[in-house]
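Peer 1: Provided herewith is a single structure, encoded as structure tokens, for subsequent inquiry.
The values are calculated or read from the model by the stated rules, or taken from the named source; none is laboratory data. No experiment lies behind these values; they were computed from the predicted model shown. Ideal geometry is used to build each Cβ from the backbone, glycine not excepted, and the neighbour counts take in all protein chains shown. Heads up: the accessible areas ignore ligands, DNA and RNA and are worked out on the full protein's heavy atoms, side chains in. Shrake-Rupley method; radii C 1.70, N 1.55, O 1.52, S 1.80 Å.
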Amino acid sequence: MKIKMQLHWQILIGLLAGAVFGIFAAVYQLSSFTHDWIAPFGTLFVNLLKLIAMPLVFASLVTGVASLSDVSKLSRMGGKTIGIYMLTTIFAITIGLVVVNMLQPGNSIPPEVSADLQASYQGEIEGRTETIEQVKNRGPLQPMVDIVPQNIVAALSENIRMLQVVFFALFFGVCLILAPNENTRNVKSLIQGMNDIIIKMVDLIMYVAPIGVFALIAGTITAIAGDNIQTVLSLLSSLGFYTLVVILGLILHVLLVYCTFVRFFTRFTLKEFFTGIAPAQLLAFSTSSSAATLPVTMECVEDNLGVKPEVASFVLPLGATINLDGTALYQAVATVFIAQALGMDLNLAAQLTIVLTALLASIGTAPVPAAGIIMLVIVLESVGVPSSGIALILGVDRILDMVRTATNVTGDCAVTVLVDSAERKLVAKEAAA
Ligand code: ASP
């Protein structure tokens, strides 16, 4: 426990040192040194986390489901979880829309800056044309169809297909309960043993987290700035206001929604909650990937906050794949910002359409870096804003990805402690009756 308490400070120091080193490297033309000799350690660290994410989701979910005394508990918890996830995402989009409409960051962009930005990022957009076209052609029910894999080995082989593995693990776990005999009991203890081993792997990987985070942040800064920190400064001078509006919206969402949930509906103080999940938040910020952060998120809520493993193993992987509040808020702000910058007016009906489409787009966004900006196309198209407009905001996407991913993970943790508290109350009530 003592080591765990210190871990978030160690990661924070790694993060700050990485930032200082990254800026130093950009100023003193050390970007190729950083790229060749520092950044690979960050990649190595993320690979380790990604490596265990899928086996962990499978083993912990099967173990969790198989430990439930009856299956109806699962549907009760499932309904509650999905309902709260949808609600928090709608709150996030609404907060985003209020902030962007009040502060109007798009109206402060001079037309020549807008043209410049579009011209400089057009090439990058062209590189993504195929993915953008695929996103545009998705039907409204596609996210539902995507839940059921045709082949479990294929699903396990790609981290972005996490929801498919969640589905299979649930199905598998339920059938494990429904077919109790000596053989299935052996399978159950095998998977339980696997789960224990993977949890140990997370512990060991976390020992190198501060170094991994140092390398990730230094690598990210040099990737954005290259050998010329001036590029970043000039980008921020044109898109700084927009960046601040997104970050302000995200902070408001954390304060108004998650803090209220945790403070009034769970057994934790805000300090306990935020101290407990700090390592996961810092990792989400450094990796820009909720999927890669998942093993650490699970460890934080179980070990530091005492959430029951059967709740954490169900609510967190589901949250990582469908509850991307930070992404939804960002998509709402970005859509209105692009419309403002292009001189388009979005009326109330259009803004309501954004609530619906940003909800769907965020559910469809994979929990990996830069996925949110691709799914943004769905929201833009729904209100008639040209999707080429994403060229306007691409320059600062990496920075915003870090902040929105940290928000996504915070949201998953807040809902997990909420569901855990509600389940505990129900169990206590049943016991008293
Ligand atoms: N990077 C985000 C996540 O992993 C998704 C996004 O691009 O918004 O949660």
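Peer 1: Roughly how many Å is it from the Cα centre of the stretch 362-401 to that of the stretch 172-211, as a whole number?
Peer 2: Comparing the Cα centres of the stretch 362-401 and the stretch 172-211, I get a distance of 36 Å.
Peer 1: Cross-link partners among aspartates and glutamates for Lys425, C-alpha distance below 19 Å, same-chain residues fewer than 8 apart left out?
Peer 2: Asp70, Glu302, Glu310
Peer 1: Show me the helices of the chain, taken as full DSSP H stretches, that run 27 Å or more along their long axis by Cα and average 0.5 or above in Kyte-Doolittle hydropathy. Display every interim value, and only then the final one.
Peer 2: On the way: long enough: 2-27 (38 Å, 1.39); 39-66 (41 Å, 1.71); 72-103 (47 Å, 1.17); 182-207 (39 Å, 0.16); 229-253 (32 Å, 1.87); 397-432 (52 Å, 0.18).
Membrane-span-like by this rule: 2-27, 39-66, 72-103, 229-253.
Peer 1: A follow-up question, please. What full-extension length gain, to one decimal in nm, is calculated for Phe264 and Ile251 as 0.36 nm per residue of separation minus the Cα-Cα distance?
Peer 2: 2.8 nm
Peer 1: Placing unit charges on C-beta atoms (Lys and Arg positive, Asp and Glu negative, everything else neutral), compute the dipole magnitude of the chain about its Cα centre in debye, rounded to 20.
Peer 2: Numbers: 22 positive and 28 negative charges, 251 e Å.
About 1200 debye.
Peer 1: Which entries of Lys188/Lys271; Lys80/Lys308; Lys50/Lys73; Lys188/Lys429; Lys73/Lys271; Lys50/Lys136 show an alpha-carbon separation above 26 angstrom in the structure shown? Walk me through the intermediate numbers first.
Peer 2: On the way: Lys188/Lys271 37 Å; Lys80/Lys308 16 Å; Lys50/Lys73 30 Å; Lys188/Lys429 30 Å; Lys73/Lys271 30 Å; Lys50/Lys136 28 Å.
Checking Cα-Cα distances, Lys188/Lys271; Lys50/Lys73; Lys188/Lys429; Lys73/Lys271; Lys50/Lys136 exceed 26 Å.
Peer 1: Another question about this same structure. What does the highest-first list of 163-176, 271-284 look like by mean Cβ count within 10 Å? List each step's numbers first, then the result.
Peer 2: Details: 163-176: 19.5, 271-284: 22.3.
Highest mean packing first, the order is 271-284, 163-176.
Peer 1: For the chain, what does the relative contact order come out to in percent, with C-alpha contacts under 8 Å and a separation of six or more? Mind dumping the intermediate values first?
Peer 2: On the way: 608 pairs, mean separation 137.0, N = 433.
With pairs under 8 Å counted, the relative contact order is 32 percent.
Peer 1: Can you pull the percent of the stretch 246-326's accessible area that's carbon plus sulfur, 1.4 Å probe, other chains left in place?
Peer 2: 70 percent
Peer 1: Quick check on packing: order 297-306, 378-387, 111-120, 313-322 by the mean number of other C-beta atoms within 10 Å, highest mean leading. Please report the intermediate quantities before stating the final value.
Peer 2: On the way: 297-306: 22.0, 378-387: 19.6, 111-120: 14.2, 313-322: 27.5.
Averaged packing, sorted descending, gives the order 313-322, 297-306, 378-387, 111-120.
Peer 1: Follow-up question, since we're still on this one. Roll a 1.4 Å probe over the protein chains and send me the accessible area per residue for the chain in Å². The partial results should precede the final answer.
Peer 2: Details: 18730 Å² over 433 residues.
Accessible area per residue, the chain: 43 Å².
Peer 1: Okay, moving on. Need one number: nm distance between label points at Ala179 and Met201, each 7 Å from Cα along Cα→Cβ, rounded to one decimal.
Peer 2: 2.5 nm
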